[in-house]
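Down below is the structure, laid out as structure tokens.
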Amino acid sequence: MKIGFIGTGDIAEAVITGIMRADFPVQEISVSARSRHISSRLSETYDTVRVLEENQQVIDSGCDLVFLAVLPQQAKEVLEPLQFRDGQEVASLIATIPVEQIADWSGATGLITRAVPLPPVAELRAVTVLSGPSERLETLFERLGGVIVAQSLQQLNALSIATTMMGTVFGIQETVTEWMGQQGVCEPDARRFMSSLLLALAKTGVDADRTFAELRRAHSTPGGLNAQTFEVFSEEGGRDALTKALESVLSRTLAASDKN
Ligand SMILES: NC(=O)c1ccc[n+]([C@@H]2O[C@H](COP(=O)([O-])OP(=O)(O)OC[C@H]3O[C@@H](n4cnc5c(N)ncnc54)[C@H](OP(=O)(O)O)[C@@H]3O)[C@@H](O)[C@H]2O)c1
């Protein structure tokens, strides 16, 4: 398979790194020159990657699958001048822009799928959400950590919006380690301690065939300290705040989709 990337930024680099690390069978990966420092780094690191100056050259390089990895506000301007080969498959990584809009701007006639990979695909450790079935993308992302094919736009939005928790998860750790700092624990120790705790808990979540509610109860003796932390967190609006944050991102996502 030959693959192309239009927009060679952070997430394109993560996907390409994952493809290489997984030893996924690709003959060639053509990438657009921008971002120059990333495309140069990739072509210097991997013989399979070649940099092409124009976006159209990526499409014309004979690739079976073209990834679109520019920012939403760049998409219209980047896509409108392009001429896709009849039936050429497209994977749009562009947040919030519906598949129909990508088809309209690009004129692409092949299968267009939205994909939501996350940076840890570079280490083959993230599950990628797809907006619908695609044999090529399912095979590829399965090797990069796994795939969930959304069954509806509502599901796709929910799965995509859950990924916006990344900053908040670090923010929670930041808050706890700051509090530990006030109690005299040095930052490196606090960070190492929290990270290893969360790593172990994440592994429990992946391995155990139990809901998070069951896991929470299993980790909270009634009347015990763990239970107290969650009770106070909930009473003080912590759970509601998280739900509100997700709802606010959903509203923004729906508004952005409507605008396009
Ligand atoms: N990062 C993530 O975790 C993540 C996850 C899933 C989806 N996404 C989505 O993936 C897309 C890319 O995100 P990102 O984080 O990789 O952003 P990014 O690092 O800013 O990448 C955007 C890339 O597009 C390039 N670009 C801008 N104008 C271009 C043009 N006319 N022709 C060709 N390339 C052009 C930029 O190059 P210059 O630097 O030269 O301007 C940059 O390399 C976004 O739509 C984002 O929502 C990101």
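The values are calculated or read from the model by the stated rules, or taken from the named source; none is laboratory data. The structure displayed is predicted, hence computed values, not measured ones. Every residue, glycine among them, receives a Cβ derived from its backbone with ideal geometry; neighbour counts consider all protein chains shown. Protein only, heavy atoms only, side chains kept; ligands, DNA and RNA dropped before computing areas. Shrake-Rupley method; radii C 1.70, N 1.55, O 1.52, S 1.80 Å.
Tabulated values for the structure
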quantity	calculated
Verdict on residue 159 being away from the ligand (no atom under 16 Å from the Cβ), open to solvent by 50 Å² or more (accessible area, probe 1.4 Å) and closer than 16 Å to residue 95 by Cα	no
Test: residue in segment 55-74 that is over 27 Å from residue 156 (Cβ atoms), out of contact with any helix residue (DSSP H, G or I) (no Cβ under 6 Å at 6 or more places or on another chain) and in a helix (DSSP H, G or I)	yes
Close pairs from segment 191-211: first assigned by TED's automatic domain parsing to the domain that holds residue 181 and among the charged types (D, E, K, R), partner open to solvent by less than 80 Å² (accessible area, probe 1.4 Å) and assigned to a helix (DSSP H, G or I), Cβ under 6 Å, at least 6 apart	191/177
Some residue of segment 89-102 being buried (at least 19 other Cβ atoms within 10 Å of the Cβ), of a type in the set (Gly, Ala, Ser) and in contact with a Gly (Cβ under 7 Å, 6 or more places away or on another chain)	no
When residues of segment 62-83 are limited to those that are open to solvent by 30 Å² or more (accessible area, probe 1.4 Å) and more than 13 Å from the ligand (Cβ to nearest atom), the one nearest to the chain's Cα centre (by Cα)	64
Single residue of segment 210-251 satisfying the filter (assigned to a loop (DSSP other than H, G, I, E, B) and farther than 30 Å from residue 156 by Cα) that is most open to solvent (accessible area, probe 1.4 Å)	236
Residues of segment 83-107 satisfying the condition of being acidic (Asp, Glu) and closer than 16 Å to residue 150 by Cβ	100
From the options 145, 132, residue that is open to solvent by 20 Å² or more (accessible area, probe 1.4 Å), in a loop (DSSP other than H, G, I, E, B) and outside the structural domain of residue 60 (by TED's automatic domain parsing)	145
Filtered residue count, segment 73-88, keeping only those that are without any contact (Cβ under 8 Å) to a residue 12 or more places away in the chain and under 17 Å from residue 53 (Cα atoms)	1
Set 115, 126, 150, 162: member being in contact (Cβ under 8 Å) with a residue 60 or more places away in the chain and within 16 Å of the chain's Cα centre (by Cα)	162
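Okay, residues lined up against (1) within 12 Å of the ligand (Cβ to nearest atom); (2) under 19 Å from residue 128 (Cα atoms); (3) buried (at least 17 other Cβ atoms within 10 Å of the Cβ); (4) modelled with pLDDT of 95 or more:
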residue	(1), (2), (3), (4)
12	yes, yes, yes, yes
16	yes, yes, yes, yes
19	no, yes, yes, yes
23	no, yes, no, yes
37	yes, no, no, yes
42	yes, no, yes, yes
45	no, no, no, yes
51	yes, no, yes, yes
54	yes, no, no, yes
